[in-house]
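The values are calculated or read from the model by the stated rules, or taken from the named source; none is laboratory data. Since we're looking at a predicted model, the values are computed, not measured. In this analysis, Cβ positions are derived from the backbone assuming ideal geometry, glycine residues included, and neighbour counts consider all displayed protein chains.
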Amino acid sequence: MILSDTRILEAIASGEIIIDPFRREHLGTNSYDVHLGKWLANYLDTELDARKHNQIKVFEIPEEGLVLRPGILYLGVTEEYTETHSTVPFLEGKSSVGRLGIDIHATAGKGDVGFCNTWTLEISCTMPVRIYAGMPIGQLIYFQVDGDIENPYNRKTSAKYKVRTDKPVESMMWKNHF
């Protein structure tokens, strides 16, 4: 079941959901709009290796915006820091962003109960498009969980994305054993 706007507000009031900064005008009927942070990153290598720690270069989106180019993966980050302690957050792109040919995540649209951080975005585009820090980029939808949570994300020793950051985070696939 998806939380409605009133349930999201109740969850924020009780501390079950934290959104910082929270701006009431960005609360939709059953979602919350998140915004593109000022930091982007690109991988330094042109060929990535799933078993290697692939390094990134972080840079700031200039005031006049930045033109995204097709065929390049950009890692972005939300302005908003979020915590979810009893619901499952899903991040989806806004339809207006999709209509510009921008995808904001390749596969990582679902968070976990206990996720406490900004959201790293895997941004790609179908044609050149100028983006700006602070623009609406996606929306968080919260799903109720059926049953108790034994091991929330923020308490897992194996969780790879627990360090609070305001910058994009590269893939930590290399920390898996395979």
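Name the residues in region 141-164 that are among the hydroxyl-bearing types (Ser, Thr, Tyr) and surrounded by fewer than 16 Cβ atoms within 10 Å (Cβ to Cβ), would you?
Thr157, Ser158 - these are the residues of region 141-164 that are among the hydroxyl-bearing types (Ser, Thr, Tyr) and surrounded by fewer than 16 Cβ atoms within 10 Å (Cβ to Cβ).
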- Message: Suppose we filter Gly76, Gly114, Gly138 for residues that are buried (at least 17 other Cβ atoms within 10 Å of the Cβ) and at pLDDT below 95; which single one remains?
- Response: Gly114
- Considering each residue of region 166-178, count those that are in contact (Cβ under 8 Å) with a residue 40 or more places away in the chain, of a type outside the set (A, V, I, L, M, F, W, C) and either farther than 29 Å from Phe59 by Cβ or surrounded by fewer than 16 Cβ atoms within 10 Å (Cβ to Cβ) (or both), and give that number. 1
- Taking interchain pairs and intrachain pairs at least six residues apart, which have beta carbon atoms under 7 angstrom, with the first residue in region 76-89 and touching a residue at least 40 places away in the same chain (Cβ under 8 Å) and closer than 12 Å to Cys116 by Cα and the second among the acidic types (Asp, Glu) and in a strand (DSSP E or B)? Glu80/Asp20; Tyr81/Asp20
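So how many residues does region 78-112 have that are out of contact with any Ser or Thr (no Cβ under 6 Å at 6 or more places or on another chain) and part of a loop (DSSP other than H, G, I, E, B)?
Adding up the residues that qualify gives 15.
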- When only residues in region 95-111 that are out of contact with any Cys (no Cβ under 9 Å at 6 or more places or on another chain) and buried (at least 20 other Cβ atoms within 10 Å of the Cβ) count, which is nearest to Met1 (Cα to Cα)? Gly111
